[in-house]
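The structure under discussion appears below in the form of structure tokens.
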Amino acid sequence: MVTAIEKIKLIKEGKLTCEQNIKQLLANIEKDNQKGKKINAILHLNPRAVEEARVIDEKIKKKVKVGKLAGLGIIVKSNICVKNLIANCASKTLENYKCPYDARVIEKIKQEDGIILGMANMDEFAAGASGENSAFGITKNPASLERIPGGSSSGSAASVAAGFCDLALGSDTGGSIRNPASHCGVVGFKPSYGAVSRYGLIDLAMSLDQIGAITRDVKDAELLFEIISGVDEKDAASQEIKPKKPIQKKLIIGIPKVGANPKILNLISKKVEEVCKKNKWDTKNIEIKNIDLGIQTYYPINYVEFFSGTRKFDGRRFGLKIEDSCGKEVLRRIIGGSEISQEEFAGRYYKKALDAKKLLTEEFEKAFKSVDLIVIPAVPRLPHKFGEKISLIDMYNYDTLTVLANIAEIAAISVPCGKIQDVPVGLQLMAPRGSDWMLLEASEKFE
């Protein structure tokens, strides 16, 4: 498939019009989203997409300067607000919620003449790691139709893999961008915490969430990140990151010991050896103490913050009362968060989780004093097949290796590394908070 950057070149050279591009993407969606392969990655389309493409073509024809995303089609996860489109978080609770405003990232995309094609399916309220928890049906994995695509940004990753869009936006609370990117064989980039404004994101857990890019290659992720990143007065956690500049030193790649499928670890190891040899980089085995506490640290925080955030869905202001209309995974987290946040339990679970979060953050900061990047698998196992019985513990453990970056607030990316049994496997790279551009440049070497 043609990358976004390659399409921009074709549009600028007059070999492809914006209208032609958007119509082709819509044709792909028409063919395989609800028909054909029935991927079910997209819940709602923008009825004005072709009209918006024609406006940009007219600007190009008149030699009026156009934006960096001119004519590209972008799919947006259904928990990011796009004015006049439905952002229902794949839930009956918000089934017909039409956004009255644009999220900050959407404003920036529109300013660069990007065209929002539609809203992507997802695990309901971003609670899930498989793409099976949507109120509007499962999303299929275009790279392996009988297997899950991963989640919670299932529709965004599947849309990129299926050729339904040029770029996609997802949100990542504990791996929700990198997990499906790994399973679907695409690139998934979670920026440092605060690098991208979350204004307009219907978040799962505010202290962990980050909006990021899902793309065909790293260069496309760089393009989208350049546009959506930056300080926003409407998001107090947002901040400027280090400016983009070429890597001018020999990198040291840190390799910690983690638990994962031996075949996945072997595939990752071979890729690291190959890339480091080619670029004359060094590798170093490192220890990150308490790395196994990631999941135990993540979920108490996730449950409590999700419970708090869902109190606005009381049936009076937005849609239906969430407890009366949500699926079982969402209800599980609401009940869990309610229990954990009770006064008699707060110190036992939530506060201890925050202490563990601080401990893990310090361990990663210590590790980055001796290495530039850390490499581990994105997901420790292959995606299960639809209908296959899987325990709740195994389901939560899909995120064992991705929650670490959210806890430590650092930048992380999943890059396709190869296949096992014809199923894509993602290699995860992590960099210190604020070193997003260095991470992206280094990641290109792993493609």
Review point. Given the pairs 12/63; 257/284; 244/277; 38/389; 9/219; 31/98, which are separated by over 19 angstrom at their Cα positions?
Key: 244/277; 38/389; 31/98
Review point. What do you get when you divide the Cα radius of gyration of the range 294-346 by 2.2 N^0.38 Å, with N the number of residues?
Key: 1.17
Review point. Local charge sum around residue 358 (other residues, Cβ-Cβ under 12 Å, Lys/Arg +1, Asp/Glu -1)?
Key: -2
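Starting with the highest mean, order 275-284, 13-22 by the number of other Cβ atoms within 10 Å, averaged over the residues of each peptide. Working shown, then result.
On the way: 275-284: 14.1, 13-22: 17.3.
The most tightly packed comes first, giving 13-22, 275-284.
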Point to revise | the chain, helix-only ellipticity at 222 nm - DSSP H runs n ≥ 4, -39,500 (n - 2.57), divided by all residues, nearest 500 | key: -11000 deg cm²/dmol
Review point. Rounded to the nearest 20 Debye, what is the dipole magnitude of the range 294-346 about its Cα centre when Lys and Arg each give +1 and Asp and Glu each give -1 at the C-beta?
Key: 300 debye
**Study point:** ³J(HN,Hα), Karplus 6.51/-1.76/1.60, whole Hz, each residue of the range 69-74, x for Gly, Pro
**Key:** 10, 3, x, 7, x, 10
Study note, to complete from the structure: For the chain, cysteines with no other Cys Cβ under 4.7 Å from their own Cβ are listed as 18, 89, 165, 184, 276, 326, 417
Point to revise | the range 54-204: radius of gyration over Cα atoms, expressed as a fraction of 2.2 N^0.38 Å | key: 1.03
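As an exercise, identify the trypsin sites (Lys or Arg not before Pro) in the range 69-111 lying in DSSP coil whose Cβ has no more than 16 other Cβ atoms within 10 Å. Don't skip to the end; give the middle numbers.
Numbers: sites: 77, 83, 92, 98, 104, 108, 110; in loops: 83.
Hits after loop and neighbour filter: 83.
Around residue 417, what is the net charge, scoring Lys/Arg as +1 and Asp/Glu as -1 over all other residues with Cβ under 11 Å from its Cβ?
+1
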**Study point:** Pairwise centroid distance, computed over Cα atoms, of the range 147-201 with the range 324-386, Å
**Key:** 18 Å
Practice item. Hey, can you grab everything whose amide H is under 5 Å from the amide H of residue 71? Only 5+ residues off in sequence or another chain; H modelled, so Pro and N-termini drop out. Key: 115
Practice item. Among the listed pairs 7/250; 249/358; 289/366, give every one whose C-alpha distance is greater than 22 Å. Key: 7/250; 249/358
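For a protection proxy built on the mean count of beta-carbon atoms within 10 angstrom, sort 195-208, 34-47 highest first, please. Could the numbers behind the result be given before it?
Details: 195-208: 22.9, 34-47: 18.7.
Listed from highest to lowest mean packing, they are 195-208, 34-47.
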Check your understanding: P(r) of the range 158-218 in 10 Å steps, Cα pairs, percent per bin?
Key -> 25, 53, 22, 0
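With a 10 Å radius around each residue's Cβ, average the other Cβ atoms per peptide and rank 436-443, 339-346, highest first.
Numbers: 436-443: 22.5, 339-346: 12.8.
Ranked by mean Cβ neighbours within 10 Å, highest first: 436-443, 339-346.
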Check your understanding: Taking θ as phi - 60°, what are the ³J(HN,Hα) couplings along the range 286-294 by the Karplus curve (6.51, -1.76, 1.60), each to the nearest whole Hz, with x for Gly and Pro?
Key -> 10, 10, 10, 4, 6, 4, 6, 8, x
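Any read-out appearing in this document is the output of simple, stated calculations on the displayed coordinates, not a laboratory observation. This one's a predicted model, so the numbers in the text were calculated from it and none came from an experiment. Positions of Cβ are backbone-derived with ideal geometry, glycine not excepted, and every protein chain shown enters the neighbour counts.
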